[in-house]
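Worksheet: the structure to be examined is printed underneath.
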Amino acid sequence: MVKPQLLVVAALASSASAFSASQMKMSAVDTQAPRRDFLKSAGVAAAGVAAFPFVASAEIEVPAQVKEYTFPTDWGLTFKYEEDAAKVRAHMVVATGLAKGADRMEDFGKNMKKEMIDFVSYYRRFPKVAGKPSFSTLYTSINVLAGHYTSYGYKYPLPEKRRKRLYQEYAEIEKSLKRNR
C-alpha cells in the first residue's frame, strides 16, 4: 500500500522537473536522463518521508466515552507553567472522554472553560512560555474545546472526529512537556 505522502512528494517532484529550463532544450536522444533523475529524486523523497513520517499521521487510539469518572478537586492555576500545563491537559483529556449524560458534566465543562481561559490569559503574556511548542499546541486544543463548549454547550459530548484530533494533540503536548519544551 502506497502512503498518500509518497504520492504527494512524487507529484511535486515530477511537476517541478517538468517546467525546468533543461527540460525545454531536450532532444529525442536525451529522454532517458530526466526519467532517471526523476526516479532518483522520487526515491530520495520517498526515503525521507518513510524515515520521518508526519506527526499528524501517527495512529492514536481514541478511548471510549465514559459516563463515570472522578470529578477533579484541583481546579485553578499554581502559576508554574509545567505543572499548570500538565494539569490543564489532564483535565482536557477527561473532558474529551465524557459521554452524554455523564455525572456533573455541565459543572465539569464550566470549570474546564474557566481554567482554560485563566491558563491562556495568564501564560500568553510571557514570550518564553508563549514560544514553547507545548504552549502553542495546548492553545490550539483549548480553542477547539472552548469553541465546542460555546457552540454546543456543556452537556453535549465532542464528535468522534474532533476527539481523535484532540487526542493527537494531547499526545504531542505530553511529549513536549516531557522534553521541557
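Where a number appears in this text, it was derived from the coordinates with a stated rule and is not lab data. Worth saying up front: this structure is predicted, and the values here are computed from it rather than measured. Cβ sites come from the backbone with ideal geometry, for glycine too, and all protein chains shown count toward neighbours.
Looking at segment 57-124, the GluC sites (Glu not before Pro) that sit in a DSSP loop and have at most 14 other Cβ atoms within 10 Å of their own Cβ are GLU59, GLU61, GLU68. For the residue pairs LYS80/LYS175; LYS80/LYS100; LYS100/LYS178; LYS113/LYS155, the alpha carbons lie more than 24 Å apart in LYS80/LYS100; LYS100/LYS178.
Applying 1/(1 + (r/R0)^6) with r as the Cβ-Cβ distance of ARG162 and LYS128 and R0 = 30 angstrom yields a FRET efficiency of 0.45. Using a simple spin-label model with pseudo-atoms 7 Å out from Cα toward Cβ, GLU61 and THR150 lie 3.5 nm apart.
Counting Lys and Arg as +1 and Asp and Glu as -1 over every other residue whose Cβ lies under 11 Å from the Cβ of ASP74, the net charge comes to -2.
In segment 73-128, the inverse of the mean reciprocal separation of distinct Cα atoms equals 12.0 Å; this is its Kirkwood hydrodynamic radius.
Scanning residues 5 or more positions from LEU98 or on other chains, those with amide H under 5 Å from its amide H are VAL66, with H placed 1.01 Å from N in the peptide plane.
At an R0 of 25 angstrom, the distance between the Cβ atoms of ALA99 and LYS178 translates into a FRET efficiency of 0.30.
Listed values for segment 164-181 are Karplus-derived 3J(HN,Hα) couplings in whole Hz (6.51 cos²θ - 1.76 cosθ + 1.60, θ = phi - 60°), namely 4, 4, 5, 5, 5, 5, 4, 5, 5, 4, 4, 4, 5, 5, 5, 8, 6, 10, and x replaces Gly and Pro. Label zone (THR70, point 7 Å along Cα-to-C-beta; backbone nitrogen cut-off 16 Å) within segment 90-116: 90-95. Computed with the Debye formula from one identical point scatterer per Cα of segment 75-181, without solvent, the log10 of I(q)/I(0) at q = 0.14 Å⁻¹ comes to -0.50. I need the shape label for segment 120-179. Rule: rounded when a/c is under 1.5, else prolate if a/b > b/c, else oblate, with a, b, c from the alpha carbon gyration tensor. Oblate is the answer for segment 120-179, as a/c is 1.5 or above yet b/c matches or exceeds a/b.
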